[in-house]
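Everything on this sheet refers to the single structure shown next.
Here, each number is a calculation from the coordinates, and none is a lab measurement. This is a predicted model, so every value here is computed, not measured. So basically every Cβ, Gly included, is an ideal-geometry build from the backbone, and we count neighbours across all protein chains shown.
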Ligand code: T1G
């Protein structure tokens, strides 16, 4: 710890490499600094303990404040340290030390406080925040629970219902909500924060210290508490952490606080080593890795202000809504005035729905509507810096549009195709400057699904790729780069997984057994149920188009064809892999008969499949296809493949994705 000589302007006191302090008018102002988000590292824990010990005995210090450097207060414990053994002082030791301080400790919350960062402020005696601050205990999103007193301190400030909701879901709330719930005591505008803080400190030095764990739980209706707990359990869908969060938060009402804190810590340490936590940590870092591309580091994104969207149907309208939210001016294009009007209405309706649900303010709604136009005149797209085409996924339709765009937009306008199955290189080859063509494969509904496969075509220029990634970020998309192959990353793996599931039907499994195994593993819905919801006819039409080109010696499962030949096209037609009396999915014995007939034709003796067999076989096929994508250079990283399957195909995040799961099944 170093201090200043009396003659000079006081230098900050350095309690550790990450905690410094300045003493002004008897107040020790502490700042924690661990850029970029002040993740609570060992250096922060050590520095805080040093500072609190020093303040306790210093006659010239009457109060302590804590703030974060930069725009964050603290983003929680340093996740990078989780694979290391815990080191003293632990965070619960620090929060206990803060709360036990005999001089007032005031949280001067300059920005986002998440996880352990929020637990630090909960242990302080008073909490004043800037208006823009955000709060959350997102540990369950990492397969954990708060491990530094949050489960016991939060309910004492907000009540059990709010605490169960926040800790069980990991949601982030605003400063206004935090004030309303009792999580903080005061909000101040940023430009008057220093004065407000000074006043708050003076008040705190004149009042009895309010220690959070000494507070009584606010009285609440037992049914409301139970309902809040039940809601978390139902949504947990097989994940351990949310259920454990409910169990530990509930101890606030039944155990002495020190016993409850001990149980919280033991549970946190156990969960931290769990497969679920390891998988979710993998996904956390994979998402951040996906946005890093060393090979593109020297290229600068072009400025994009106006985005044209050719085709404003289901996909195009969703893309338009995402792009409007990203602050772009949108020019939609349809071939006829009626279609243009319908497209405009579709986009407007989506925006109105967001406004009515409170996700869009009235000002934002009006601003976005003012940024939207949809025309039947293709020359309207000449103003676009980027055109995304989302017309019918047919080669002739898209080729015709590409040629018309080529004669309309600027030579440097980027043209992005949303195709799912066509070869973007073949589309690019039809226009001048093919290096400006890129794939942007959105997932429906495009304004909701985070995933975006950015297809790096054979001739895509690096600058075009960088620009597309920049636009993807503004559209709030999780972008993964992939090369050109049929189905790119997601659909290619999904096709392999679907094929394997159908072969399992021939081998002895039944659709509802496979779906049950997938749902038990963590998928929200089984493959065949999803199949029925999407409809079987489009895939059937594709198989019939390709039938003449199919290798007759390659294994082929006719079961899906037999369903379509029998008019079983899925939920819309009242029956597919299941039957849907009054729209309710039910197992259909006729499907068993149909499958058994195919087995007999192929002289297959059916065998029993356990749920474990089913999952292992499907995971294995997905991982094998993933390895091929890596060896072909289509996917850059195994973790990108995991992100695509999690964010585009419902693979349970708490299993880490097919590549992670297959690797850990081997371990
Ligand atoms: N630990 C370590 N690194 C972190 C981190 C953390 N908690 N949070 C972010 N980073 C890194 C991230 O990997 C990236 O690194 C950089 O910071 C910028 O992050 C005891 C145990 C805070 C909302 O779950 O939600 O506290 O890629 O790109 O978009 O009860 O980061 O630059 O090398 O995400 O502005 C609980 C996790 C931990 C919050 C900022 N806390 N972080 O988003 O930046 S568990 C969390 C986030 C805990 C206690 C328990 C977000 C953010 P790099 P970024 P951003």
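Points to keep in mind about this one:
- The angle separating the long axis of helix 537-546 from the principal Cα axis of greatest extent in the chain is about 50 degrees.
- q = 0.14, 0.23 Å⁻¹, region 70-168: log10 I(q)/I(0) [Debye, one scatterer per Cα]: -0.51, -1.34
- Centre separation in Å (Cα based) which lies between region 484-543 and region 63-106: 47 Å
- Value in Å of the Kirkwood radius, where region 379-531 supplies the Cα pairs that are averaged: 17.0 Å
- Length-normalised contact order for the chain - Cα pairs under 8 Å, 6+ apart - percent: 9 percent
- With neighbours defined as other Cβ atoms within 10 Å of a residue's Cβ, the residues 494, 488, 82 order from fewest to most as 82, 494, 488.
- DSSP beta bridge pairing in the chain, given as percent antiparallel to the nearest 5: 30 percent
- Rg/Rh for region 517-577, where both radii come from Cα atoms and Rh is the Kirkwood radius: 1.05
- FRET efficiency for residue 534 and residue 610, using Cβ-Cβ distance with R0 set to 30 Å, rounded to 0.05: 0.65
- Length available on full extension from residue 630 to residue 594: 0.36 nm per residue minus the Cα-Cα distance, which gives 9.2 nm.
- Diffusion coefficient of region 122-261 by Stokes-Einstein, Kirkwood radius over Cα pairs, 20 °C, 1.002 mPa s: 136 µm²/s.
- Applying 0.36 nm per residue to the separation of residue 263 and residue 520 and subtracting their alpha-carbon distance, the gain on full extension is 89.7 nm.
- Highest to lowest packing among 420-427, 238-245, 528-535, scored as the average C-beta count within 10 Å: 238-245, 528-535, 420-427
- For the chain, calculated [θ]222 nm from helices alone, where every DSSP H run of n ≥ 4 adds -39500 (n - 2.57): -14500 deg cm²/dmol
- Helix 193-206 and the longest principal axis of the C-alpha atoms of the chain enclose an angle of approximately 50°.
- Dimensions (Å) - region 246-290, Cα atoms, principal axes, largest first: 45, 16, 13
- Cα gyration tensor shape of region 490-633, rounded if a/c is under 1.5, else prolate or oblate by comparing a/b with b/c: rounded
- D by Stokes-Einstein for region 294-482, Kirkwood Rh over Cα pairs, 37 °C, 0.692 mPa s: 202 µm²/s.
- The fraction of all Cα pairs in the chain landing in successive 20 Å bins from 0 to the largest distance is 16, 41, 33, 9, 1, given as whole percents.
- In region 595-647, one over the average inverse separation of all distinct C-alpha pairs is 13.5 Å, which is the Kirkwood hydrodynamic radius.
- Listed from fewest to most Cβ neighbours within 10 Å, the set 540, 577 follows the order 540, 577.
- Full extension of the chain between residue 462 and residue 412 gives 16.7 nm of extra length, using 0.36 nm per residue less the Cα-Cα distance.
- In summary, the convex hull built on the alpha carbon positions of region 360-413 has an orientation-averaged projected area of 4.9 nm².
- Kirkwood hydrodynamic radius over Cα pairs of region 273-315, then Stokes diffusion coefficient at 37 °C and 0.692 mPa s, in µm²/s: 226 µm²/s
- For region 13-272: Kirkwood Rh in Å [reciprocal of mean 1/r, alpha carbons]: 18.1 Å
- Listed by Cβ neighbour count within 10 Å, with the fewest neighbours leading, 392, 135, 72 appear as 392, 72, 135.
- Degrees, to the nearest 10: 222-236 long Cα axis against longest axis of the chain: 50 degrees
- Rg and Dmax of region 164-212, Cα atoms only, in Å: 13.7, 38
- When both region 421-461 and region 160-213 are represented by their alpha-carbon centers, they are found 47 Å apart.
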